[in-house]
Structure formats: structure tokens, C-alpha cells
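Note sheet for the following structure.
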Amino acid sequence: MTFYDELETRSADERARWLANALPAAIARAQTAPAMARILQGVDPAAVTTRAGLAALPVIRKSELSEAQRKSPPFGGFTTRYPHEFENIFQSPGPIYEPGRRGNDWWRLGRFLSAAGVGPGDIVQNCFGYHLTPAGMMFESAARAVDAAVLPAGTGQTELQVRAAVDIGTTAYAGTPDYLKIILDKADEMGEALAFTRAVVSGGALFPSLRQAYVDRGIATTQCYATADLGLIAYESPALEGMIVDEGVIVEIVRPGTGNPVPDGEVGEVVVTTLNPDYPLIRFATGDLSAVLPGTSPCGRSNMRIKGWMGRADQTTKIKGMFVRPEQVAALVSRHPDLRRARVLADRAGDMDVMTVLLETDSKDAARYEAAVLDTLKLRGRIELVAPGSLPNDGKVIEDRRSYD
């Protein structure tokens, strides 16, 4: 077994010592960015040396980033460099603007390609877009980091993609999970055989049946979890047991609507602190749901694992004409120390919205929570008390069960 570097196999003690040094340095660096300085005002970097200390800091949400960029384009004061000091500036839907740099595998996806077995001698057919959004450059940078050659194919023009794959002999595919099938189907239609043996995918769901279809064609397929803001967050190894957290980020799983970490195994929102000195986002909420997997990967990489993408954390729902947000549900739980968790159900009775509030508690008196429900959710609803631990472990605090058909 070969590893990208020695960071992947560190012991728990080594990681704790590293964290004690890396966190203060990252926070101090972040405080040189105007927007981060405001968010972290009064925070002493030297005092934040553990995950518990990190969890006491505020969470940054994409809506804050977007609003800051509108007021102070293009980066909203979240970078430590001026815009002209970046080699690339990208635009993602929103619009959200992201910086990019060309050296040293800036997004850190080389670690993922290395784990997937892509390296010297490979030619990567990079089918991520190069237009405005950074995905194409992210994977091109990764291929350079592992000394693989790149065909910058981009998206579309499938027949030309097949022709190039045949003529060049590309050995690895990079792109969304489903586009590879389109290329393979077109190759079959054209009577051509492709040389792909590896596929590194992201940006969509890799369903087990689709992965198996690729395996049946001799293409080992692994996926990663990455964003334009944060770069690589986690990745699969050939062990295919969860996703291993990248060495350049710190991942927390928190209860939706809060910044409070949940116990390992419980589904919550993915919050990421990146150690990127140019774009040092501290406790950035991705809006994605996941959960920590216990133990370490059989492949020998020792960092924390997560289950991968498990849905969206922003469950804001309109009930009876009023928005109910995860933060309000969290506020409800905080009102009563005996409450473990809560879940709001939105249903229809005839043409009317109906709200039910499920509360995990040992109490038998639903009436004692009525005032808190009205005060935090701004709506009256039926309160149902359930036993601690009985609500589903799916990260949902608001569930819309109404049919709109």
C-alpha cells in the first residue's frame, strides 16, 4: 500500500499535536481577512487548540458569504489576498465568486487521485467544465500533482470525446458519475473500445448500480466530496468504506440550525474549517448532511471518516404562510433542558396546513412545551412527546410530508 504522504497515516496523538499548532495559525491568518476579522473579533487564536475550542466559534453560512460579496465584490473580504493576486477567479451559480491558484495543487484533489490509483503513465480525460466554474481546473491541478497527463475535454460533444479517448488512449475519466455512462454508450454505438481503467467522479450521485456497471466494464470508480470554496473535503479509497477526511481541512458534524457538534454516528450538517492560507474559511457550513463513521479505514489511512453526502441541511419550510427554519427548532430544544431532539412535521388536512412537533423527552406533559413552541416557531401545532432516541437518525429537524401533486 502506498500513500500520498506521511500525513495520511498519523496516529491520534500526532493529529492532536498537529491540531494544537494548526488551529491557532489558521485563525490568526484568517483574522487578516477583513470579513473573517469581524466574525472572529475578540477571539484569541492561541486559546483555540482543540476541536472543543473550535466548536465555540461562530459558524459562517453561504448566505453570509454571498451577502458580503454583493457589498464588497468579488470575494467579500474573506480572502487574505487582493483579487489580482489570484491566477483565476471563478463564478458559480448564485452568483458566488471563488478564487483559484495554479500552483501546489491549491484545491488538494491530488490526494484523491493518488488514492484512486491515478498517477504517472495515466492520461486523464477531464470532463469537468472549464467555463466559469472551477471544477475543470480543480481536477487538472490534481492530475498535475500526481504526474498524470490531461485531456481537457470539458462537457458535451460526446462523439468527439469518444474519438479523442480512442486516438489518445486516455486511461482515466474525471467528471460527473453519469456522464461516463453517456461516453461509454456512445463508444458502443460507434463500435469503439475505450482504455479507461479508473474513474474519479464528483458533483452528483454515484448510485451502487452505476458503480457496479463501471466495475463490470473494468473501470474502478471512486468519488470525492469537494466544493469550490473549500477544495477537497473527503474522498473514497479503494476500501470503499466511507469517505476519508482530507488532511487540509477540519470537519465537524453539527446539529442543523446550530454550531453544536453531534455525537459520532448521528447525522448532522457538515461544517468545515480549511487551512488554506489564501482563503481561510473558519467553520464554514456546507449545507450538506453527513455523519461520522467510527474507526479508521481498512486501507490504512487514519483520518476521520464520514458517510458521504446524505442530503441537505437547509430544511426551511413554509407552514401556514410562515417560514419555519432549523434555527428555530434548535431554539425550541434549548428552552427546555430535558428535551433531547425535536422534529417538525408539515402535513395537509384537506386544504389546510397542519404542524406537528415531535419532542424527544422523558416528560409526559405536552402542555408545558406549548408556550415555547409558539414563541420559537411562531405557530401553534400539535405536540407529541416521544421516547429519547426514537426520532430517525437522518439529520432532519423539519420534514415536509405534504403532497403537491
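The values are calculated or read from the model by the stated rules, or taken from the named source; none is laboratory data. None of these values were measured; they are calculated from a predicted model. We place every Cβ from the backbone using ideal geometry, glycine too, and count neighbours over all the protein chains shown. For accessibility, only protein heavy atoms count, side chains too; no ligands or nucleic acids. Shrake-Rupley method; radii C 1.70, N 1.55, O 1.52, S 1.80 Å.
Please determine, in degrees from 0 to 90 and to the nearest 10, the orientation of helix 12-30 with respect to the longest principal axis defined by the Cα atoms of the chain, where the helix direction is its Cα long axis.
80
What FRET efficiency do you get for ALA37 and GLU241 if R0 is 51 Å and r is their Cβ-Cβ distance, rounded to the nearest 0.05?
Efficiency at R0 = 51 Å is approximately 0.80.
For the chain, report the accessible area per residue in Å² (1.4 Å probe, heavy atoms, rounded to an integer).
Using a 1.4 Å probe on heavy atoms only, each residue of the chain averages 45 Å².
If one takes the longest principal axis of the Cα atoms in the chain, at what angle in degrees, from 0 to 90 and to the nearest 10, does the Cα axis of helix 62-71 lie?
Tilt of helix 62-71: around 80 degrees.
Suppose the chain between GLU266 and THR9 were pulled fully straight at 0.36 nm per residue; how much longer would it get relative to their current alpha carbon spacing? Don't skip to the end; give the middle numbers.
Values: separation 257, 0.36 × 257 = 92.52 nm, distance 2.53 nm.
Result: 90.0 nm gained on full extension.
Got the relative contact order for the chain handy, in percent, Cα pairs under 8 Å and 6 or more residues apart? Please report the intermediate quantities before stating the final value.
Values: 819 pairs, mean separation 49.4, N = 405.
Averaging sequence separation for qualifying contacts and normalising by length gives 12 percent for the chain.
If I stretch the segment between ASP347 and LYS181 completely, what's the gain in nm (0.36 nm per residue apart, minus their alpha carbon distance), one decimal?
Details: separation 166, 0.36 × 166 = 59.76 nm, distance 3.89 nm.
Computed gain between ASP347 and LYS181 is 55.9 nm.
Evaluate Rg over Rh across the chain, taking Cα atoms for both radii and Kirkwood's formula for Rh.
On the way: Rg = 23.1 Å, Rh = 23.1 Å.
Rg/Rh: 1.00.
As a test of reading the structure, rank HIS336, HIS84 by solvent-accessible area (1.4 Å probe, protein chains only), most first.
On the way: HIS336 30, HIS84 150 Å².
Final ranking, largest accessible area leading: HIS84, HIS336.
Tell me, what % of the accessible area of the chain is carbon and sulfur with a 1.4 angstrom probe?
Working: 9620 of 18240 Å².
Summing carbon and sulfur atoms, their accessible area is 53 percent of the total for the chain.
Distance check, please: which entries in LYS318/LYS378; LYS320/LYS378; LYS181/LYS307 exceed 19 angstrom between their Cα atoms? Let's see the in-between values first.
Working: LYS318/LYS378 12 Å; LYS320/LYS378 10 Å; LYS181/LYS307 24 Å.
Pairs exceeding the cut-off: LYS181/LYS307.
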